[in-house]
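So the structure is just underneath, and the comments pick up after that.
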Amino acid sequence: MANISLSEAEKTFILHGVEEDFRCDGRSRRDYRPMELETDLVSNASGSARLRLANTDVLVGIKTEIDKPNYLTPDQGKIEFFVDCSANAAPEFEGRGGEELALELADTLTNAYESPKAFDLKLLCILPGQQCWKLFVDILILECGGNLFDAVSLAAKAALFNTKIPRVTAALMDAGEAELLISDDPYDCTRIPIGNLPILVTVCKIGDSCVVDPSAEEEECSIASVVVGVSKRKGKSYTSNVHTIGEGSLHKDTMHNCVLLGLSAAESLNNELVKALKLEEERIGSKRRNIVGFLK
């Protein structure tokens, strides 16, 4: 996270605002800052999205590649997360300063997507034991203004919604190995259902209160935060993973309250994200273009 120097008076001002449920920017403890979402930005990627959460700016690109499935899970595909913190995002990220944060973000996303109930990797299987799709989720932190975990997970989910996987039309067996015929029509593709995909909600403890979507200044006033991974199954929200950040510790009752707050915030946040993605899809247009000419 970006380190911001605050005086004791500024920290006290932020703390009192959180206690009175009136934060510095006018939000309550359960409110998020304004977001801007764009999809289908990177032309040479299978799917992409850019999310701006106040001063936090994240760009995600997804590449698809055919790979061999793991012998322990022959009927499942693969997904890998890579995070890169731009040196322009924060002065602390210059050189190799952002590597530790990048690894922490990638590991947290990997843990959130590990459960088959959160993301069913069987959807990426082509031929069990022989061929599968592998998704490379490349995440670039363009600007750091607080609450990176939430912004990264939302941008990744939006990029997966935008991802187009080419349709495999036939498979021929040649000397015991499968030879795939992949459609080169960009509109002849399959999409990834995002209904169960998890999102991360950061619950930050400031004083005796807990807040969601902490700004960079509020993160500086906190000694511990809880990152709650939440996925939906059959219309209900479930916790997929819990990750603590910061040097402080939390009482078990505080931890329980943080998880409940994360579940509640994730449900409304996920609903708004799905609405925004559908509106963005309508704006861009996903229908097959009319083919003209005699070579049909």
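The values are calculated or read from the model by the stated rules, or taken from the named source; none is laboratory data. Keep in mind that this is a model prediction, so the values were computed, not measured. Methodologically, a virtual Cβ is constructed for each residue, glycine included, from the backbone with ideal geometry; neighbour enumeration extends over all protein chains shown. Each accessible area value is taken on the protein alone, full model and side chains, heavy atoms only, with ligands, DNA and RNA left out. Shrake-Rupley method; radii C 1.70, N 1.55, O 1.52, S 1.80 Å.
Key figures for this structure:
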| item | result |
| --- | --- |
| Subset of the stretch 168-184 [open to solvent by 50 Å² or more (accessible area, probe 1.4 Å) and modelled with pLDDT of 70 or more] | 169, 179, 181, 182, 184 |
| Residues satisfying the stated conditions in the stretch 191-207, i.e. within 13 Å of the chain's Cα centre (by Cα) and either of a type in the set (A, V, I, L, M) or closer than 15 Å to residue 219 by Cβ (or both) | 194, 197, 199, 200, 201, 202 |
| Residue check, residue 257 within 16 Å of the chain's Cα centre (by Cα) and open to solvent by 30 Å² or more (accessible area, probe 1.4 Å) | no |
| The stretch 52-81 - residue that is among the hydroxyl-bearing types (Ser, Thr, Tyr) and over 19 Å from residue 119 (Cβ atoms) and, of those, farthest from the chain's Cα centre (by Cα) | 71 |
| Any hit, the stretch 42-52, residues being in contact with a strand residue (DSSP E or B) (Cβ under 7 Å, 6 or more places away or on another chain), at negative phi and surrounded by fewer than 18 Cβ atoms within 10 Å (Cβ to Cβ) | no |
| Subset tally (residues that are at pLDDT 80 or above and open to solvent by 30 Å² or more (accessible area, probe 1.4 Å)) for the stretch 94-103 | 3 |
| Any hit, the stretch 210-221, residues being within 18 Å of residue 275 (Cα to Cα) and either open to solvent by 30 Å² or more (accessible area, probe 1.4 Å) or out of contact with any strand residue (DSSP E or B) (no Cβ under 8 Å at 6 or more places or on another chain) (or both) | no |
| Candidate set from the stretch 136-147 (those that are modelled with pLDDT of 95 or more and either part of a helix (DSSP H, G or I) or of a type outside the set (A, V, I, L, M) (or both)); member that is most open to solvent (accessible area, probe 1.4 Å) | 138 |
| Strands (runs of 3 or more DSSP E) wholly inside the stretch 183-273 that include at least 3 residues being over 20 Å from residue 29 (Cα atoms) | 189-191, 224-233, 236-245 |
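Okay, residues lined up against (1) modelled with pLDDT of 90 or more; (2) buried (at least 16 other Cβ atoms within 10 Å of the Cβ); (3) assigned to a loop (DSSP other than H, G, I, E, B):
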site	(1), (2), (3)
65	yes, no, no
69	yes, yes, yes
79	yes, yes, no
83	yes, yes, no
92	no, no, no
106	yes, yes, no
